[in-house]
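Okay, structure first, notes after.
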Amino acid sequence: MKLVFATNNQNKVKEVQSLLPSHITILSLKDIGCDEDVPETQPTIEGNAIQKAQYIKKHYGYDCFADDTGLEVKSLNGEPGVFSARYAGTQRNADDNMNKLLHNLKDKKDRSAHFKTVIALILNGKQHTFTGICEGTIIKEKRGEQGFGYDPIFVAEGFTETFAEISLEEKNRVSHRGKAVQKLIHFLSTKN
Ligand code: IMP
């Protein structure tokens with residue numbers, strides 16, 4: 001079975017491929033000759049994942065899955081959410097985004113937050129979604145060098161280190177994306 005992962009991130013493709021049975025081959029956008037920006041203009045994380053998967057099915061004909069992730073902060077009514085990548089502007093800069101978030105949380109007592117990943121899959125004419133959530137807290141100052149995005153200010157439940165202070169293996173074990181990917185893999189492993 002050939003399945004497109006609607007991403008340009010070759011690491012994500014490799015990671016998912018390595019976890020799947022060998023009769024499922026994952027193709028990246030590059031593999032199918034797609035070098036356009038796949039639209040993600042919906043107001044929700046789930047909506048964006050579905051939009052990307054449907055776009056590839058419609059325009060390229062392949063069964064496909066797509067992921068979308070956001071950080072939802074409780075005392076900011078779920079902000080930055082679907083705007084996580086561009087919270088501080090279209091430059092999509094992680095430091096700017098974190099600084100804006102720390103500023104907006106300055107006077108808030110409740111610093112609880114979670115990352116949410118939704119994977120949308122279109123397979124044999126049917127749509128499925130898989131959600132992974134990782135609960136945690138936004139700390140007051142950045143710590144750590146690993147990872148990306150908001151990792152230096154996010155401490156997952158049960159941890160004292162930030163996501164930027166732990167290994168990728170450890171992060172994958174508990175993270176939003178790790179959990180959503182595991183659900184997808186479990187589902188696909190039951191398909192012929
Ligand atoms: P994407 O949907 O995977 O591109 O994620 C959107 C944005 O959410 C990224 O640009 C990051 O700012 C943030 N983000 C997603 N996943 C993570 C993560 O695992 N750690 C920290 N930030 C993340």
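Details
- Which listed residue is within 12 Å of the ligand (Cβ to nearest atom), modelled with pLDDT under 95, aromatic (Phe, Trp, Tyr) and at negative phi, from PHE154, PHE148: PHE148
- Where a residue in the range 10-22 is open to solvent by 70 Å² or more (accessible area, probe 1.4 Å) and its partner, wherever it lies, is of a type in the set (D, E, K, R), with Cβ under 9 Å and at least six apart: GLN10/LYS30
- For the range 40-51, the condition of being in a strand (DSSP E or B) and touching a residue at least 60 places away in the same chain (Cβ under 8 Å) holds for none of the residues.
- Taken over the range 30-72, the criterion of being within 22 Å of ASN97 (Cβ to Cβ), away from the ligand (no atom under 13 Å from the Cβ) and open to solvent by less than 70 Å² (accessible area, probe 1.4 Å) is satisfied by PRO39 alone.
Residue by residue, here is whether (1) at pLDDT 95 or above; (2) within 11 Å of the ligand (Cβ to nearest atom); (3) within 25 Å of PHE159 (Cα to Cα) holds:
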| position | (1), (2), (3) |
| --- | --- |
| LYS74 | yes, no, yes |
| SER84 | yes, yes, yes |
| TYR87 | yes, yes, no |
| ASN93 | yes, yes, no |
| LEU102 | yes, no, yes |
| LYS108 | yes, no, yes |
| THR117 | yes, yes, yes |
| HIS128 | yes, no, no |
| CYS134 | yes, yes, yes |
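A quick yes/no check of all residues on (1) surrounded by 17 or more Cβ atoms within 10 Å (Cβ to Cβ); (2) in a loop (DSSP other than H, G, I, E, B):
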| position | (1), (2) |
| --- | --- |
| THR129 | no, no |
| GLU141 | no, yes |
| THR162 | yes, yes |
| LEU184 | yes, no |
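The values are calculated or read from the model by the stated rules, or taken from the named source; none is laboratory data. Here the structure is a predicted model, which means the values were calculated and not measured. Note that each Cβ is placed from the backbone with ideal geometry, even for glycine, and that neighbours are counted across all protein chains shown. Note: accessible area is taken over every heavy atom of the protein model, side chains too, but ligands, DNA and RNA are not part of it. Shrake-Rupley method; radii C 1.70, N 1.55, O 1.52, S 1.80 Å.
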